[in-house]
1. Being in a helix (DSSP H, G or I), surrounded by 13 or more Cβ atoms within 10 Å (Cβ to Cβ) and under 16 Å from the mean Cα position of the chain (by Cα) is the filter here; which residues of segment 121-146 pass it?
2. Considering each residue of segment 21-71, count those that are small (Gly, Ala, Ser) and in contact with a strand residue (DSSP E or B) (Cβ under 8 Å, 6 or more places away or on another chain), and give that number.
3. Run ILE149 past the list (1) modelled with pLDDT of 90 or more; (2) hydrophobic (A, V, I, L, M, F, W, C); (3) assigned to a loop (DSSP other than H, G, I, E, B) and report the number of the one that doesn't hold.
4. If you check GLU91, GLU118, GLU107, which single one turns out to be of a type in the set (Asp, Glu) and either within 30 Å of GLN166 (Cα to Cα) or in contact with a Ser or Thr (Cβ under 6 Å, 6 or more places away or on another chain) (or both)?
5. Among the residues in segment 65-85, are any part of a helix (DSSP H, G or I), more than 30 Å from ALA137 (Cβ to Cβ), modelled with pLDDT under 90 and touching a Leu at 6+ places or on another chain (Cβ under 9 Å)?
6. Working only within segment 110-126, note down all residues that are in contact with a helix residue (DSSP H, G or I) (Cβ under 8 Å, 6 or more places away or on another chain) and among the acidic types (Asp, Glu).
7. Mind checking which pairs have a first residue in segment 25-51 that is part of a helix (DSSP H, G or I) and a second that is loosely packed, with under 14 Cβ neighbours inside 10 Å and not charged (D, E, K, R), Cβ under 6 Å, 6 or more apart or different chains?
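The values are calculated or read from the model by the stated rules, or taken from the named source; none is laboratory data. Remember, it's a predicted structure, so these values are computed and weren't measured experimentally. Cβ placement follows ideal geometry from the backbone for every residue including glycine, while neighbour counts extend to all protein chains displayed.
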Amino acid sequence: MNRMLKVLLPGVLLAAAVAAPAQADIKIGVVNYQRLAQGSPQAKAAQDALQADFAPRQRDLATLQGQLKAKEDKLQKDAATMSESQRSNAEKELRDGYRDLQRKQQEAQEDLNARQNEEMSRLQRVLVEEVNAYAKAQSFDLVIADGVIFVNPALDITPAILTALQSRKPASGGKPAAK
């Protein structure tokens, strides 16, 4: 009898351990975080703010590029009638202008990237707060986001969270662009 108890006891304990959590109702939800980040009005507001802040700089760069192109065309057209020193000066001015344009474009891209990172960080905080608030309000025990290969649509709470995000006013977090 003692020997039979030693053989059966681990199986009984294992069955009890598995059955205990199964009896508790666990509420699980899945969030498509990428869909939240793309579909929320807060994401659209952040993108609009970035575009508004950096549009003047992009226009200035396009204008400068057009001016340099016009100078290049004029140089090609008038090169035959220019003296060697005039042509050399015009070519140097053109090279310096293109170098300056390239530097300004690089600075603008770096500033844009920095602002995009700031806005994405801010958006991520808002999304995580909203998911947490929704999960607590709806009594979820577990909410999973990234790394899900398959989810039953009944567990997907993304549409409900998007609705909650849309009911909030997007914060206008646009800072003026540097330079």
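1. Matches in segment 121-146: ARG122, LEU123, GLN124, VAL126, LEU127, VAL128.
2. Here the count works out to 1.
3. With respect to (1) modelled with pLDDT of 90 or more; (2) hydrophobic (A, V, I, L, M, F, W, C); (3) assigned to a loop (DSSP other than H, G, I, E, B), ILE149 is out only on (1).
4. Values: GLU91 fails: either within 30 Å of GLN166 (Cα to Cα) or in contact with a Ser or Thr (Cβ under 6 Å, 6 or more places away or on another chain) (or both); GLU107 fails: either within 30 Å of GLN166 (Cα to Cα) or in contact with a Ser or Thr (Cβ under 6 Å, 6 or more places away or on another chain) (or both).
The match here is GLU118.
5. Within segment 65-85 (the criterion being part of a helix (DSSP H, G or I), more than 30 Å from ALA137 (Cβ to Cβ), modelled with pLDDT under 90 and touching a Leu at 6+ places or on another chain (Cβ under 9 Å)), the answer is yes, since at least one residue qualifies.
6. Correct list: ASP111, GLU119.
7. Between residues of segment 25-51 that are part of a helix (DSSP H, G or I) and residues that are loosely packed, with under 14 Cβ neighbours inside 10 Å and not charged (D, E, K, R), the close pairs are PRO41/GLN166.
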